[in-house]
1. Here is a list: Thr185, Thr191. Which entry is assigned to a loop (DSSP other than H, G, I, E, B) and hydroxyl-bearing (Ser, Thr, Tyr)?
2. Can we say Ser46 is modelled with pLDDT under 95, of a type outside the set (Asp, Glu) and over 16 Å from Met268 (Cα atoms)?
3. Do we find a residue being among the hydroxyl-bearing types (Ser, Thr, Tyr) and not in a loop (DSSP other than H, G, I, E, B) anywhere in the range 235-246?
4. In the range 125-146, how many are buried (at least 21 other Cβ atoms within 10 Å of the Cβ) and either in contact with a Ser or Thr (Cβ under 7 Å, 6 or more places away or on another chain) or assigned to a loop (DSSP other than H, G, I, E, B) (or both)?
5. Applying the selection to the range 85-110, what residues are surrounded by fewer than 20 Cβ atoms within 10 Å (Cβ to Cβ) and of a type in the set (Gly, Ala, Ser)?
6. Just checking, which of Ile208, Ile226 is within 22 Å of the chain's Cα centre (by Cα), of a type in the set (A, V, I, L, M) and assigned to a loop (DSSP other than H, G, I, E, B)?
7. Tell me, please, whether a residue that is within 13 Å of the chain's Cα centre (by Cα) and of a type in the set (D, E, K, R) can be found in the range 194-205.
Amino acid sequence: MAIRIDGKKISQELKDELKETVAKLKEEGKNGCLAVIQVGDDPASSVYVGNKKKACAYIGIDSRSYELPEETTEAELLELIESLNQDPAVNGILCQLPLPAHISEKKVIQSISPQKDVDGFHPQNVGALVIGQEGFVSCTPAGIIELLHRSGVSIEGKHCVVVGRSNIVGKPMALLMLRENATVTVCHSKTRNLKEICKEADILIVAIGKPQYITADYIKEGAVVIDVGVHRNENNKLCGDVKYDEAEPLASAITPVPGGVGPMTIAMLMKNCVEAMKRYA
């Protein structure tokens with residue numbers, strides 16, 4: 001029977017620790033403020049933004065919300081970001097993705113000061129991760145490392161297979177696992193023999209974006225299975241990229257969907273905000 005890795009419980013523990021850290025930083029006269037920008041009123045984005053504001057309130061840092069209309073121009077958005085870059089009261093800036101089609105995500109990500117890029121998407125922070133320097137790390141992969149550490153999963157020397165090569169999850173995930181001294185294989189849509197490669201994994205991290213794609217045939221007995229996907233199935237129930245019912249009897253530990261990786265993303269965003277308070281207040 002697999003250990004169920006409880007992301008809700010672990011994220012709550014982390015937020016409680018951050019709450020204590022923020023209280024101490026405030027005693028030293030250091031305050032935190034996260035500026036969250038949303039362009040348009042995409043319902044999923046609105047939920048995420050709301051959750052980020054709640055998390056800020058919980059750990060004790062301020063949040064500023066900029067809800068801009070869909071027709072906001074790229075120039076207007078870049079101007080707002082530049083004003084927040086210059087604002088000493090703001091130490092974290094986050095622009096909720098996706099953006100409307102007429103705005104370049106690349107330009108927006110590059111316009112946020114690397115010192116305030118708490119999402120960890122700026123090329124300077126990504127480059128710092130590649131060469132092992134200090135910088136902000138993308139929240140979902142960083143959250144997965146935290147889940148593994150706090151669940152007592154040893155990473156060093158293990159074979160980790162990452163399925164997916166996105167800039168937000170797959171690539172930084174592979175780099176973080178290398179930093180933890182795992183041997184890493186990255187698979188993607190052009191990989192041949194995906195099933196055989198996955199079956200060699202001691203730690204299988206799936207961010208493929210296809211509902212319940214990974215079945216028992218892909219999993220080695222005793223593997224740790226981390227499911228990054230979030231989808232709705234035909235009954236409108238949340239599910240992941242992994243067929244949980246098939247994977248769970250084989251795995252030694254597994255994350256459920258919901259309640260696994262998801263809650264860690266916002267907890268790690270808060271951790272990055274607190275890091276920004278320490279470094280740049």
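1. Working: Thr185 fails: assigned to a loop (DSSP other than H, G, I, E, B).
Result of the check over Thr185, Thr191: Thr191.
2. Answer is yes for this residue.
3. Within the range 235-246, the subset among the hydroxyl-bearing types (Ser, Thr, Tyr) is 244.
Those left that are additionally not in a loop (DSSP other than H, G, I, E, B): 244.
Within the range 235-246 (the criterion being among the hydroxyl-bearing types (Ser, Thr, Tyr) and not in a loop (DSSP other than H, G, I, E, B)), the answer is yes, since at least one residue qualifies.
4. Adding up the residues that qualify gives 6.
5. Within the range 85-110, Ala89, Ala101, Ser104 meet the criteria.
6. Ile208
7. No; the residues of the range 194-205 include none that is within 13 Å of the chain's Cα centre (by Cα) and of a type in the set (D, E, K, R).
Conditions tested, residue by residue: (1) of a type in the set (Val, Ile, Thr); (2) more than 20 Å from Glu146 (Cβ to Cβ).
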position	(1), (2)
Leu14	no, no
Lys24	no, yes
Cys33	no, yes
Val36	yes, yes
Asp42	no, yes
Val47	yes, yes
Asn51	no, no
Ala57	no, yes
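The values are calculated or read from the model by the stated rules, or taken from the named source; none is laboratory data. Model, not experiment: these values are computed from the prediction. Glycine gets a Cβ as well: all are built from the backbone with ideal geometry, and neighbour counts include every protein chain shown.
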